[in-house]
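Reviewing the structure listed below.
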Amino acid sequence: MRAVQLLTGFLDSIVGELGFSKPAKAVIEPPKDKKFGDLAANYALVLAKDTGKNPRELAGLLAEKLRTASPEIASVEIAGPGFLNVTFAPAFRQAVIPLIENAGDNYGSSDLGAGKKLQVEFVSANPTGPLHIGHGRGAAIGDSLCRVMRFAGYNAEAEYYINDAGKQMRTLGLSIWLRALELTGKRSEPFPEDCYKGEYIIDIARELLAKDPGLTERPEAEGQDVCYEYGLKDIFDGIKKDLLDFGVHHDEWFSERSLVESGAVEQTLEDLKRSGRAFEQDGALWFRTTEHGDDKDRVLRKSDGTLTYFASDIAYHADKYRRGFDRVIDVWGADHHGYIPRMRAAVAALGKEQEAFDVVLVQLVNLLQGGEQIAMSTRAGKFETLADVLAEVGSDAARFIFLSRKSDSKLDFDLELVKQRTMDNPVYYVQYAHARIAAVGRRVNEQNGPTPAEADLSLLVAEEELDLLRLLDRFPQAARDAAHMASPHFISHYLMELAGLLHRAYAVLPVMGAENRALGAARLRLLNAVAQTLRNGLTLLGVSAPKSM
RNA sequence: GCGCAGUUAGCUCAGUUGGAUAGAGCGUUGGCCUCCGGAGCCAAAGGCCGCAGGUUCGAUUCCUGCACUGCGCGCCA
């Protein structure tokens, strides 16, 4: 990061001196192979395209000036078709250590978001049953995304949208009611297919009967209402507890029912009608989403007078923007991807720019046990709950697995593998790196080893040390990329790489057994900088950084 | 039928404004514990980046077509 900034500055001014305009598509990035130096710039290649000159000749001009630009640049090589391969002086690399020491928990943070108000809405599972593992993935991604965005300078808020209105909710009340009738021997017909068949419904009915033995004596409508209210609260308390156990935090719990009851939905429909975006046809109210790129118009109010989810979703998003969010990210299950065009159309109709609305799709989780698939369906009552999975594998392991793949690709989650404390399970690899460093610190204290004050950082010139320094310098870029792409998995990949370098260096670069205390102390500071960076990254994932394991 | 994703090593996957000899882990094979934690390290083998065209000095990356897989396409929620 520092290195990229430094080199960009030098190259831009050199390009100016030579009388060229800055090439727009020029890129400075770490080369794939470190034998090509610390950073590679394609300036000459891009300039050659713009000016019609020979790329290697241009590279020669640039390299000549770059070599003398600063003592921080150790060497500049011209390679291949005209790449500039730049290697920095060790002193420049070593300077990242005090930088990390001073920044501490903030190392890697940025002001990319410039304080913009951002809302991330995630999980938002219907409170008709406990959270399952798929919700867990969405929870991990949403929560981590909030952390990543805050770290990148956004003013981010986490929200859960509670679908507590509509037909699913009535089905919940009915399901509990029917189970209560069965438990009291008032019903023996088969349980309806379209009701929720999970065991938890029976448990709720039993609990409710214990508190309200006369439940099934009530009139049906009233009884179902009681069942609904009780069930909603019971299930929702469970959801909140599951999220808490998973270290997932929501700032706001937004109720759909409140939106309906306040008249906000009706108001939104009125506004759409007035602006000519909604029209009546066949007794229903339609939204002209085709005007904004959807492939057909969508119904807002059915001919039977009831509202569609889409209607309240528009009102909900209007409310988000009314609350002052500059940008909104919805985290959705990938099976809802067909919903994106109409939601985009709705946001456009609200007068918002494209950038104000993003959807992060979360693909299905394939739950396996020793390679065999476990089926998952709420309606069929067969599923592995998030709580069960957490009890089995722990929060850290689950989160790391969820965040180690890009969200939009399917994920195999094998309970047996995630439980294993091996490299099948990279969370331990990363945490172990942190714990190992902590162990060194303890050892150094116990045995009167070198102290940070004795360090001579200029002694850090071994290959393994320079590799670590180089990678530490890249963490801020990884954090920015994760925010820019709304992809927390960039962080997990960075952490695995850093842990790998640490384990490699660990074997050959002792602190206690260093040739002298100044070197040992310098290594200690290097290790502590690595630990700090590991912590910062793990915190972005919501995974703990243990001092011992 | 239409739309959206995906297809990279035996397996699971990275690779985002087009760059050099395409990466990682697991698995396989062979090494490393008188040495701060071996939950570790080192080395080797393993690839027509789905197929075919196109654009480009250069394509896993961009465009077109095709094949296969998954998902979605209701006045459902």
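The values are calculated or read from the model by the stated rules, or taken from the named source; none is laboratory data. Owing to the predicted nature of the structure, the values given are computational and were not obtained by experimental measurement. Cβ atoms come from the backbone with ideal geometry, glycine included; neighbour counts cover every protein chain shown. Remember, those area values only see protein heavy atoms, side chains included, never the ligands or the DNA or RNA. Shrake-Rupley method; radii C 1.70, N 1.55, O 1.52, S 1.80 Å.
Assorted remarks:
- Some residue of the range A:61-74 being in contact (Cβ under 8 Å) with a residue 60 or more places away in the chain and open to solvent by less than 50 Å² (accessible area, probe 1.4 Å): yes
- Only one of A:478, A:499 that is closer than 30 Å to residue A:408 by Cβ and within 8 Å of RNA strand B (Cβ to nearest atom): A:499
- Taking each residue of the range A:419-448 that is without any contact (Cβ under 8 Å) to a residue 24 or more places away in the chain and within 20 Å of residue A:493 (Cβ to Cβ) and looking for partners that are of a type in the set (A, V, I, L, M, F, W, C) and more than 6 Å from RNA strand B (Cβ to nearest atom) with beta-carbon atoms closer than 7 Å, six or more apart or interchain, yields A:424/A:417.
- In the range A:283-299, residue least open to solvent (accessible area, probe 1.4 Å) [restricted to those that are within 11 Å of RNA strand B (Cβ to nearest atom) and part of a loop (DSSP other than H, G, I, E, B)]: A:294
- Contact annotation: residue pairs with Cβ atoms under 8 Å, 6 or more positions apart or on different chains, pairing a residue in the range A:386-410 that is more than 14 Å from residue A:244 (Cβ to Cβ) with a partner that is open to solvent by 10 Å² or more (accessible area, probe 1.4 Å) and basic (Lys, Arg), are A:392/A:419; A:393/A:419; A:397/A:419.
- When each of A:270, A:280 is tested for being open to solvent by 30 Å² or more (accessible area, probe 1.4 Å) and either part of a helix (DSSP H, G or I) or touching a residue at least 40 places away in the same chain (Cβ under 8 Å) (or both), the lone residue that passes is A:270.
- Restricting the range A:515-549 to residues that are outside any helix (DSSP H, G or I) and of a type in the set (Ser, Thr, Tyr), the residue that is nearest to RNA strand B (Cβ to nearest atom): A:548
- Any chance residue A:433 is in a helix (DSSP H, G or I), buried (at least 23 other Cβ atoms within 10 Å of the Cβ) and more than 10 Å from RNA strand B (Cβ to nearest atom): no
- Test: residue A:152 is without any contact (Cβ under 8 Å) to a residue 12 or more places away in the chain and of a type in the set (A, V, I, L, M, F, W, C): no
- Listing of helices (runs of 4 or more DSSP H) fully contained in the range A:59-175 that carry 1 or more residues being under 24 Å from the mean Cα position of the chain (by Cα): A:96-103, A:133-151
- Once the range A:436-466 is narrowed to residues that are more than 8 Å from RNA strand B (Cβ to nearest atom) and within 30 Å of residue A:393 (Cα to Cα), the residue that is least open to solvent (accessible area, probe 1.4 Å) is A:437.
- Assessment of the range A:206-225 against the conditions (in contact with a Gly (Cβ under 7 Å, 6 or more places away or on another chain) and among the polar types (S, T, N, Q)) yields at least one matching residue.
- Flag for residue A:223 being part of a helix (DSSP H, G or I), farther than 30 Å from residue A:544 by Cα, more than 16 Å from RNA strand B (Cβ to nearest atom) and small (Gly, Ala, Ser): yes
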